[in-house]
1. Rounded to the nearest 0.05, what FRET efficiency is calculated for residue 721 and residue 307 with R0 set to 41 Å and r the Cβ-Cβ distance?
2. Hey, fewest Cβ within 10 Å first, where do 21, 574 land in order?
3. Under the classification rounded if a/c is under 1.5, otherwise prolate if a/b is larger than b/c and oblate if not, where does the stretch 598-683 fall, given a ≥ b ≥ c as square roots of the Cα gyration tensor eigenvalues?
4. Which peptide among 325-332, 722-729 comes first, and what is the full order, when sorted by highest mean count of other Cβ atoms within 10 Å?
5. Any chance you could give the angle, 0 to 90 degrees and rounded to 10, that helix 633-645 forms with the longest Cα principal axis of the chain?
6. Got the relative contact order for the chain handy, in percent, Cα pairs under 8 Å and 6 or more residues apart?
7. Please arrange 16, 648 by counting, for each residue, the other beta carbons lying within 10 Å of its beta carbon, fewest first.
8. Among 560-570, 473-483, what's the highest-first ranking by average C-beta atoms within 10 angstrom per residue?
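Values quoted throughout were computed directly from the atomic coordinates according to the rules given, and no laboratory measurement underlies them. None of these values were measured; they are calculated from a predicted model. Glycine also receives a Cβ, built like all others from the backbone with ideal geometry; neighbour counts cover every protein chain displayed.
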């Protein structure tokens, strides 16, 4: 199966989105289709036997279309979508201005000279280009929809303006028909043209507002340079040794488009330029602004062997690096892709709104027909005129656009704003659900601490043999070199010199990582090794010698643990050989982040695989009252489920492989951007800079977004609930008020614009 997003063309309202979704979902070979009206994207899961062209042909019959590209980088598709948006915006703008200019004299004649017979003919002449040239797309699209049993906003506009125009045309050509029956002759050309003008104006303003909802995505895309400086080796250069013995003089510089860059090419980055792709520095050094990743504005020194990432900015010197990840594989492209996918996803409430929008147009058509029938039955002398006006007003005022835009525009702004603050939200459901969270569970290592522990203390049981100690240190280095646990980095850094100076390099024949417990290994000589927590070692090795040694060190354990240090033991051939204490400093923003969560009224719990003493010492420093210690990965997940069973809505925050099961179990899962890939894959929210201070901002963002959605839906529903009955004429028996179709057109346009504008307010609210 293929899961891919395509820009959709030809959509004008939420009913269109429902129609596209329905057509694609019923296309043979399509498993699932999900359309977002605000982003104008459709996510389609389809069989490999189908092609994008097949999907396009299925939609083309009904007046819609898809954009796609074979370009792997996605640049061509983005450019095509941008061009399509620009063309559509220009067309809407042109149609709107022309319609307004031609409508003004029609309005003047209709309002001030309604009984002037030549005025009817002038109005007719001016109305024709407005309706059937600048407004022709309404009728063309409505016809395409009708041919396939579909309907949308174009259907409502086409019917309302068509009825008003045809009624007016009849009275212009055959005025005696009504006059002979005692009725006054009225024409409503002004209503027809004003409806077209106002609907076009609404679409123009709506498109302008919608373009502002994706500014965050545009900023991210703007971090990618268009062209790249490539260093090309001369024929005589030995390319295999370039990374080791790089010589600038052995090659020459060329400029090429970013989309042509391939893995393995050498790229030159000068001061002030954006790094175009991910790679490794091979020559030169400079400070690089990585604030888009880390959130820190201070430049990071990049020299030979250091990694650089697309979108970051070179500040001072120049450097050369080998491209390792290009196109969609770069870290920046993955962020952009996740933001696009998240903005195109649907919140649970949107699915209900979509179902309503799908039946909205047929429902309105029924009300319009009913209104006309009722007025024809109970109306007075002007019953024909009143019946037509009521039907036209109902058709015009009932616009499904406001309903369709209410949720996705708020979601787009919310997710975009999150990306700007280094909060990467995977889908709309998580953004909506986060406002319900009442309990936040945080892992300790790498989440609240820096995840860069250092070995601070060691105690050996080797009879004081220095050579043996060095040999054992080399063994420890070899073991930890196989591990991905954050603690392994401390051992690697501490014992690097011992490993390099060791006469005999250690070759491991077996390595097993027991998540949350430790590691076990064997070498080619049959020696067995275990490096793990004291609690695990007590359970694993129960011989008398180990028991006596461990018991004699209880005071030492308590001292180290009271200092918030993690205690690790090393066993060789089932005998304890060393004890180690490692300290992992807290992140500078951890305390402020925890305090912010408390001010939001959230219950905060810290869990850790460390001992109770160590975990409690860290929790005390952070002001966390609830602590779960000595947690294995499956136990972390069990604790999450236990909280959920109590009725809690739980957010789990972690960074490592050992947190992945708990992240999956949680209602809202949050991963640290500098943590493991597995954690980020399963998590619904990623804090790119790994800053725990962003947690409170993420929850605030969710609250603001949900509040915006509720406001939008309230106004959209209230507008239609109040507007449709008034348009149908329910107030006429009480005060003689019958809604003018022109006013209905203006109100309809205002409803969509107001919803989008309210969503844009989210951008200005501080987190």
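1. After rounding to 0.05, the efficiency reads 0.10.
2. Fewest to most other Cβ atoms nearby, the residues stand as 574, 21.
3. rounded
4. Ranked from most to least packed, the peptides come out as 722-729, 325-332.
5. Computed tilt is about 40 degrees.
6. Values: 1469 pairs, mean separation 102.8, N = 767.
Once normalised by length, the contact order is 13 percent.
7. On the way: 16 29, 648 17.
Least crowded to most crowded, the residues run 648, 16.
8. 560-570, 473-483
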